[in-house]
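Just below is one structure, and these are the notes that go with it.
The values are calculated or read from the model by the stated rules, or taken from the named source; none is laboratory data. Since this is a predicted model, take the numbers as computed values, not measurements. Ideal geometry is used to build each Cβ from the backbone, glycine not excepted, and the neighbour counts take in all protein chains shown. Surface accessibility is based on the protein's heavy atoms, side chains included, excluding ligands, DNA and RNA. Shrake-Rupley method; radii C 1.70, N 1.55, O 1.52, S 1.80 Å.
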Amino acid sequence: MAGVVVQDVTKMFGQTVAVQDFSVEIKDGEFFTLLGPSGCGKTTLLRCIAGFAHVTKGKIFIGDRLVSSEDQRGFIPPEKRNLGMVFQTYAVWPHMNVFRNIAYPLKVKRFPERELRERVNIILHLVKLDKLEGRYPNELSGGQQQRVALGRALIMNPDVLLLDEPLSNLDAKLREEMRFELKELQNRIDVTIVYVTHDQSEAMAMSDRIVVMEQGRVHQIGTPSEIYKKPKNQFVASFIGKSNFLRAALLDVKDGILRLKIGSSGIIEVKWRGHMTGEEVILMVRQHNVEIFKKKRENTLPARVKLSTYLGDQFIYEIAVDRDTIRAQVHEEHHYSEGDEVYVRLRNPILFQ
Amino acid sequence: MFIPAYLKYHHVIMDLKRTLFTLLIFLILAVLFVYPFSRLFVVGFSREGSPTVLNLTEILGKTTNLVALWHTVFVAVFVTILAVAAGVILSWLVTRTNLYMKDFFKIVLIIPYLIPPFISAFAWMQLLSPVGYFNKILMFLFHLEESPLGIYGKYGIIIVSAIYTYPLVYISITRALERIDPSFEEAAQIAGAGKLRVIRDITLPVMLPAVGGAAVIVFVTSTSMFGIPAILGIPKGYLVLTTKIFLYIGSYGTKYNFNLAAAMSMLLIFIGVLGLFIQNFATRKERFTVITGKATGFSIIDLGALRVPATIFVILFILFFIAAPIVATIITAITKALGLAPRWSNFTLGNFKYVLFSVPVVWRAIRNSFFLAVVVSTITVMLSIVFSYTARYTEIRGRKLIDYIVSAPYAIPGTVIGLSMILAWIKPILGWSIYNTIWIIMIAYIARFMIFPMRTVTASFKQIDNSLSEAAQIAGASKRKATLDIVIPLIKPGIYSGWFLVFMPALTELTLSILLYSARRETIGVTVYNMTQEGLVLETSALALLIIIVVLALNLIVRRVSRRRVSVV
Ligand SMILES: Nc1ncnc2c1ncn2[C@@H]1O[C@H](COP(=O)(O)OP(=O)(O)OP(=O)(O)O)[C@@H](O)[C@H]1O
Ligand SMILES: [Mg+2]
């Protein structure tokens, strides 16, 4: 087991900047997730850690070993980094059966036949492939292939396990299952995991900490709840959870209570500990934090229901508040119809400058 | 129910049309393929009308025939080994390493496949015949009395055939290497394997089916080659099956010569069919399917200290095996008289002048070959469109058969196709004979080359989803108009490729023409071959050089114009 330190890493492909001034310290034994939209440089960063890509600038340490830096001399090639990796396409070798795929890392290290067989059997059991060791990849389902890839990555007791969107090729149900299996596996074997995904719910469910990135840069690093509850900026807030954004004018601040005017429709009071200046602020509220009332209540805004969608256990309403449209997710029995004049309360809002 | 008369008519006419169409298609197939090949079998297994296996037993009972069979296999085995080794190594170097000058190599390395094999054989004679330049240089350097290297016989045939066929391996392996999922190799590296180990454990095994497939193709190609063993083998009596069949056909003094030649053809067909069978068997095992995903682009291997030596190796390969024979041909072509030293004062353009303006057969051959190449490639392409379209879009009976029939010549060597055509047309049919005309050559070419456009056109048809032309029909186009407006434009690249794939080899075809030509019906291939037989070395060199230039120039132009969408192989 070892931590990974990424220090001011920049990676360029010709003129394209894939990763820019990226720094993060991944702790020993942590489940750490790189989260961001497609093309933001997640795979590139992972490949820098693995050693398949050379960093243009910066340093990478695994444990206390310097493995990559901008001068190539100290470069340690992938095969010497003691890593495990599960590729997005699994890369289960088509000419080897399950057993030989998983045993390969031991073969390279010339393990004696008996120990090799013992260790492979343990891994086969761990990834639940006991009965399939003789099969070839084309005789396996997607989920089974993924387990082979996982077993192969784990067999050398790697210091760090790198996973590049390992669940994205699976169907929804299997994906859900594998989430728990992966998490449970980590509890059993104690390994540092660097996990790449663009699926925020996957990241929230599994990670100890998450880095939210965009265009090769770090937006925020934190635990899932920190990132959810205290998003640093609008990008993070919009990427995590289902959010609404409203423009508001800041009227005054008194004892930590801000009075905000939303368009011409009304004024609400918001408790906010952070510092706010200027005239305009952005107010963010999660969809499930929007309450709807028939009659005017304290601290509500007048609004009109534009669209209602029934999802079985809840309603999603699209609601016009002044010139903006927000969405509300409510479980209430009471049903509002399109065109209804209503009042909304925005609970637990977050303000951005 | 009342049906208007014109509708009834319409129905009858449609039915009639469809029946006629079906008949026409199968008539064409019968004339081109079914009739000639069944004649071959009939003649091979009968004498004077009564069935017998005597031909086969007589063939197998003669030592010289068994020797020819042995030579065929011997040559093919070594050609396959050399061509596969060269093709795989060169392809790997050029696609997967940081070799210098890769773009240049990529084009140059396929040149040997573009030059007609009998021309290559002739060019190599300029280097390695007893008076060839290599031999002269070696004799001068080491004060030798006799020429140390020989081109005639098995070694010459093997070397020249391997140089002609390695591009087949090179091209198919390059395609496979470009498609291989890079994470297969990266996964092995993560597992702790060094670069060489990755190549040994992952790259090579994953490539194995592609290598095996290419090897089978080279083997079958080698057993069916005629030009090279004819030019380099016949003078010294080193015969393989194709040249042996050729000699049988020509020896009118031998009793039952056609029957024996046909029986011998069965041996060659057997080898071809066996090859196809092995290939199908090898690729059947789905276990080797390479599942490719999101391609991140394969990694380029840093050769490190070996980068310069590897580049020099490829340059030497090109100099020795591609440039040297061409340069030798150039020198011979501009030399005043055979045996003169390559010195400025001995050079002349007289050979070109002589060949082009004083030998009437040359221009006639050029005219004939161009006529044949243009007509044959156009007809084969048009037939391919009709056949592929019929197989895919219509419901006529037996449409699945078309593909099998058209593919048959793939396993049948040119010499055997030629023999079948002779057997089919030697006697007038209904008082009408095409034997000894240009039309029999044309029909033979069509049968032999049909498979190329058939493949490219079928492949393009496969890529077109039915919904595309259906959308045009929904938009109001008739079925015919939809085909013209949507389908045909989409299969255009396949049509152009197919046309060119026939045109090039047809232009310089030798194997069929040498069997089927008659006075005034010479082709370019026949003319060059006959000139070598007459010992007109200087004039032949001039003509060979012109052919090489035209062939390479045409390929280059097509590559440029089509922006590489039309492939040459
Ligand atoms: N080999 C390469 N050459 C040039 N540009 C590249 C290369 N690899 C990646 N890039 C570019 O770098 C950027 C980051 O790519 P990367 O593959 O790391 O994104 P990602 O976050 O993994 O996206 P996804 O979620 O779609 O996998 C992209 O703009 C991409 O086009
Ligand atoms: Mg990616």
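Report yes if some residue within the range A:197-212 is under 13 Å from the mean Cα position of the chain (by Cα), more than 18 Å from A:Ile123 (Cα to Cα), within 14 Å of another protein chain (Cβ to nearest Cβ) and within 16 Å of ligand 1 (Cβ to nearest atom); otherwise report no. The answer is yes, given that some residue of the range A:197-212 is under 13 Å from the mean Cα position of the chain (by Cα), more than 18 Å from A:Ile123 (Cα to Cα), within 14 Å of another protein chain (Cβ to nearest Cβ) and within 16 Å of ligand 1 (Cβ to nearest atom). Does A:Ala103 qualify as being assigned to a helix (DSSP H, G or I), away from ligand 1 (no atom under 16 Å from the Cβ) and small (Gly, Ala, Ser)? It is true that A:Ala103 is assigned to a helix (DSSP H, G or I), away from ligand 1 (no atom under 16 Å from the Cβ) and small (Gly, Ala, Ser).
What residue, among those in the range A:3-21 that are under 26 Å from A:Gln186 (Cα atoms) and either crowded, with 21+ Cβ neighbours inside 10 Å or among the polar types (S, T, N, Q) (or both), is farthest from ligand 2 (Cβ to nearest atom)? Of everything passing the filter in the range A:3-21, A:Gln7 is farthest from ligand 2 (Cβ to nearest atom). Among the residues of the range A:50-59, the ones that are of a type in the set (A, V, I, L, M) and more than 12 Å from ligand 1 (Cβ to nearest atom) come to 2 in all.
Quick grid of which residues meet (1) under 18 Å from the mean Cα position of the chain (by Cα); (2) within 12 Å of another protein chain (Cβ to nearest Cβ); (3) more than 16 Å from ligand 1 (Cβ to nearest atom); (4) open to solvent by 40 Å² or more (accessible area, probe 1.4 Å):
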site: A:Gln146; (1), (2), (3), (4): no, no, yes, no
site: A:Ala149; (1), (2), (3), (4): no, yes, yes, no
site: A:Leu161; (1), (2), (3), (4): yes, yes, yes, no
site: A:Arg179; (1), (2), (3), (4): yes, no, yes, no
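Is it the case that A:Met85 is within 27 Å of B:Asp181 (Cβ to Cβ), in the same structural domain as A:Glu165 (by TED's automatic domain parsing) and buried (at least 24 other Cβ atoms within 10 Å of the Cβ)? It is true that A:Met85 is within 27 Å of B:Asp181 (Cβ to Cβ), in the same structural domain as A:Glu165 (by TED's automatic domain parsing) and buried (at least 24 other Cβ atoms within 10 Å of the Cβ).
Go through the range B:427-440 and give me each residue that's open to solvent by 60 Å² or more (accessible area, probe 1.4 Å) and outside any strand (DSSP E or B). Listed by number, the residues that qualify are B:Lys427, B:Pro428, B:Leu430, B:Gly431, B:Asn436, B:Trp439.
Restricted to the range A:24-39, and to residues there that are in a loop (DSSP other than H, G, I, E, B) and closer than 30 Å to A:Ile189 by Cβ, the residue that is nearest to ligand 1 (Cβ to nearest atom) is A:Gly36.
Determine, yes or no, whether B:Pro148 is open to solvent by 20 Å² or more (accessible area, probe 1.4 Å) and over 26 Å from B:Ile549 (Cα atoms). Judged against the criteria, B:Pro148 is a match. Look at the range A:221-244: where a residue is assigned to a helix (DSSP H, G or I) and a partner is open to solvent by 40 Å² or more (accessible area, probe 1.4 Å), sitting 6+ places away or on another chain with Cβ atoms under 6 Å, you get A:Pro224/A:Met204; A:Phe235/A:Glu214; A:Phe235/A:His219; A:Val236/A:His219. Out of the residues in the range B:167-205 that are in contact (Cβ under 8 Å) with a residue 60 or more places away in the chain and of a type in the set (Asp, Glu), which is farthest from the other protein chains (Cβ to nearest Cβ)? Selected residue: B:Glu178.
When A:Asp21, A:Asp8 are screened for being within 16 Å of ligand 1 (Cβ to nearest atom), acidic (Asp, Glu) and touching an Asp or Glu at 6+ places or on another chain (Cβ under 9 Å), only A:Asp21 passes. Cβ separations smaller than 7 Å between residues 6+ apart or across chains give the following pairs from the range A:102-131 residues that are in contact (Cβ under 8 Å) with a residue 12 or more places away in the chain to residues that are aromatic (Phe, Trp, Tyr): A:Val120/A:Phe99. Mind checking which residues of the range A:108-134 are farther than 21 Å from A:Leu185 by Cβ and surrounded by fewer than 17 Cβ atoms within 10 Å (Cβ to Cβ)? If the condition is that a residue be farther than 21 Å from A:Leu185 by Cβ and surrounded by fewer than 17 Cβ atoms within 10 Å (Cβ to Cβ), then A:Lys109, A:Arg110, A:Pro112, A:Glu113, A:Arg114, A:Glu115, A:Arg117, A:Gly134 are the ones that fit. Of all residue pairs spaced 6 or more apart or on separate chains, those with beta-carbon atoms under 8 Å, a first member in the range A:196-211 that is in contact (Cβ under 8 Å) with a residue 12 or more places away in the chain and a second member that is open to solvent by 50 Å² or more (accessible area, probe 1.4 Å) and within 16 Å of ligand 2 (Cβ to nearest atom) are A:His198/A:Ser38.
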